[in-house]
Amino acid sequence: MNNSIPPQNAAFAPYHQRRLFLMQRMQAAGGGIAVIPTATEMARNRDTTFPFRADSYFQYLTGFNEPEAVLVLISPPTNSATQAPQSILFCREKNLEREIWDGFRYGPDAAKENFAFDAAYPITAFDQQFAEQLADQPALWYSLGHDAAWDARLTAALNTVRSQSRSGKRAPAEMRDVRATLDAMRLIKDEHELATMRRAGEIAAQAHCRAMRFTRPGQYEYEVEAELLHTFRRNGCEAPAYTSIVAGGANACVLHYVSNDQRLNDGDLLLIDAAGELNGYAADITRTFPVNGRFSPAQTAIYQLVLDAQLAAIAAVKPGVSFLAPHEAALHVLVQGLLDLKLLTGTLTEVLASESYKKFFMHRTSHWLGKDVHDAGEYRQGEAWTTLQPGMVLTIEPGCYIRPDKDVPEAFWNIGVRIEDDAVVTTAGCEIITAGVPKTIADIEALMHKN
């Protein structure tokens, strides 16, 4: 396999290096052939489709964003003298007539040259050529069960090879989950990824600041959402990284509220969980602020408690600690604060043991972040939680959600607060890449009253 790429293709060097690394991992495990398809275009209605978004694993290895494509990697065993490693793309053929209707497409020849593949072929040739490539491979590296159509397609190729056993061809004796290896790779971000995620975080922060400046009583949630979407797209994001949550008042106590169609009332809080996707990478920010620009005493008490919990969690992020360490730090602060406010009863130890705090805080503090907003990567290694390492990216997002309850003073009803930032684990601790949006009470109120 060609280990270098033409200078004009330097932008695709990270993808080339990831393919090399994956094939090295495959070779160390005995070699074989890997298949990573992109996503399938999905019909939205009648003759229109949803905007196409490449499969994250495929995009991570190729940077190629056209539909109807599949990556094949061949990594022979270390002692093979008959095969060389190969990185092969199957994609749509060049078609000038279709480009009039659907836009530019590379075609195999240009894709090979521009994306530094060893070979590229029309997608229509895949079934025949893959069956030939599959013969005599020690293992098939594929993620069975993620796509029924591709499962059937590769099963057919396996059966084709098996039917040729009398001519001396052998089907792979082993199947390995290629996504398990890719998950471990994706968990540690390279500098190319981190640069993109920093920029995505900056754009999301600008959007939240714009929303804070814009919000007034009487507006609808979707009006605020429009300000977010405007900022994402204006700054180069392809789309929201996930469906935006713009939740006023009681709606903030619904964790995945996405209707965004209610009027914002004077005296309510507004919880916004929204960010854009930039070059396939997600940011993830949540801020909560008063619709009228001033926190009430009850809102102040709960907001400051959640902020203190988040700051404790951020301080706990460092290499060598458990993934669960930030959650435990946030949880101790949050529970003690709820006890001090008399919203919970008992001792800290008793409440943690009984989990009665889940009445107000029912989710974990963190998840992995990257090409997917809930990114690839294991949270546990055997019985132990994954240990944080430099290059990992996780969210820090404690919250407190208080629904109407006879045991809770009415001043706290319908207060939902979540504060979320994105943290890159560094050698010294962590870097918050979403710090551009205010989160102290004083800073939020100052920003909202500037206008």
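We did not get these values from a lab; they are worked out from the coordinates using the rules stated. A quick note: this is a predicted structure, and the numbers were derived from the prediction, not measured. Glycine also receives a Cβ, built like all others from the backbone with ideal geometry; neighbour counts cover every protein chain displayed.
Things worth noting here:
- Cα centroid separation, the range 98-117 to the range 122-171 (Å): 26 Å
- About the Cα centre, charge dipole magnitude for the chain (Lys/Arg +1, Asp/Glu -1 at Cβ), debye: 380 debye
- Gyration tensor verdict on the range 188-448 (Cα atoms; rounded if a/c is under 1.5, prolate if a/b is larger than b/c, oblate otherwise): oblate
- Shape class of the range 7-186 from the alpha-carbon gyration tensor: prolate, with a/c at 1.5 or above and a/b greater than b/c.
- The residues GLU191, GLU383, when put in order of fewest to most other Cβ atoms within 10 Å, stand as GLU383, GLU191.
- Amide H contacts of TYR242 (H built 1.01 Å from N, under 5 Å, at least 5 apart or other chain): ALA275
- Each residue in SER366, SER167 was given a count of other beta-carbon atoms within 10 angstrom of its own, and listing them fewest first yields SER167, SER366.
- Gain on full stretching of the segment that runs from HIS374 to ALA13 - 0.36 nm per residue minus C-alpha separation: 127.4 nm
- Computed about its Cα centre, the charge dipole of the range 1-131 is approximately 380 debye, with only Lys, Arg, Asp and Glu carrying charge at their Cβ.
- Label-to-label distance, THR155 versus ASN235, with points set 7 angstrom from Cα along the beta-carbon direction: 4.7 nm.
- Only one residue of GLN128, ASN95, THR300 has its Cα farthest out toward the positive end of the dipole of the chain, where Lys and Arg carry +1 and Asp and Glu -1 on Cβ, and that residue is GLN128.
- Placing dummy labels 7 Å off each Cα toward the beta-carbon, the span from ASP443 to ALA226 is 2.9 nm.
- Our note on the geometry: Cα centres of the range 395-436 and the range 196-248, 18 Å apart.
- Sum of side-chain charges, GLU221 neighbourhood, beta-carbon under 9 Å (Lys, Arg +1; Asp, Glu -1): -2
- Distance in nm between pseudo-label sites at GLU97 and LYS169 (7 Å out along the Cβ direction from Cα): 3.3 nm
- Farthest toward the positive end of the dipole of the range 82-168, out of SER165, TYR106, ALA148, is the Cα of SER165, where the dipole comes from beta carbon charges about the Cα centre.
- Three-way shape call for the range 291-387 based on the alpha-carbon gyration tensor, with the a/c threshold at 1.5: oblate
- In the structure shown, the pairs LYS189/LYS358; LYS359/LYS450; LYS318/LYS450; LYS318/LYS371; LYS112/LYS371 are assessed against 27 Å; a Cα-Cα span above that value is assigned to LYS189/LYS358; LYS359/LYS450; LYS318/LYS450.
- Measuring how big the chain is from its alpha-carbon positions, Rg and Dmax come out at 25.3, 81 Å.
- Among CYS209, CYS400, sorting on how many other beta-carbon atoms sit within 10 Å of each Cβ, with the fewest leading, yields CYS209, CYS400.
- Computed over the chain, the per-residue total of -39500 (n - 2.57) for DSSP H runs of n ≥ 4 gives a 222 nm mean residue ellipticity of -11500 deg cm²/dmol, rounded to 500.
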